């Protein structure tokens, strides 16, 4: 499955993708590494569960049935329940052009990954975001 071993104990991931197979694969992948996962099929569902779940990282498809993932991201970051917390995000999309990548990065995503998703690349992206968050948290403690 994935050759890179990570340990993401207690990391909270919110996965938003309308493809049920993708949600199942990503849930299994990250649960095996100790992360706590909630996966949903729409932007509306993501907004509904945010206040109770408070994710550490958002992994979102861009082409969702009810809303563009790029318009979902600012809503997630602006929710009252998360105002004391900045949520990094990874875009997963079939949009593969340089312009598409520029669009998602300008929308606020930290990473842009093209479908079909390479699991090693996704794990690396999550690990990178976790490491950068830990670095920032350590700086704030000094």
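Here, each number is a calculation from the coordinates, and none is a lab measurement. Keep in mind it's a predicted model, so treat the numbers as computed, not measured. For neighbour counting, all protein chains shown are included, and Cβ atoms are generated from backbone atoms with ideal geometry for every residue, glycine included.
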Would you please classify the overall shape of region 21-88 from the alpha carbon gyration tensor, given that a ≥ b ≥ c denote the square roots of the eigenvalues, rounded means a/c under 1.5, and beyond that prolate means a/b larger than b/c while oblate covers the rest? oblate
By DSSP, what percent of the beta bridges with both residues in region 12-141 are antiparallel, rounded to the nearest 5? 5
Ranked list, fewest to most other Cβ atoms within 10 Å of each Cβ, for 95, 86: 86, 95
Computed from the coordinates I sent, Rg and Dmax of the Cα atoms in Å equals one of [x] 15.3, 47; [y] 14.2, 44; [z] 18.0, 57. Tell me the label. [y]
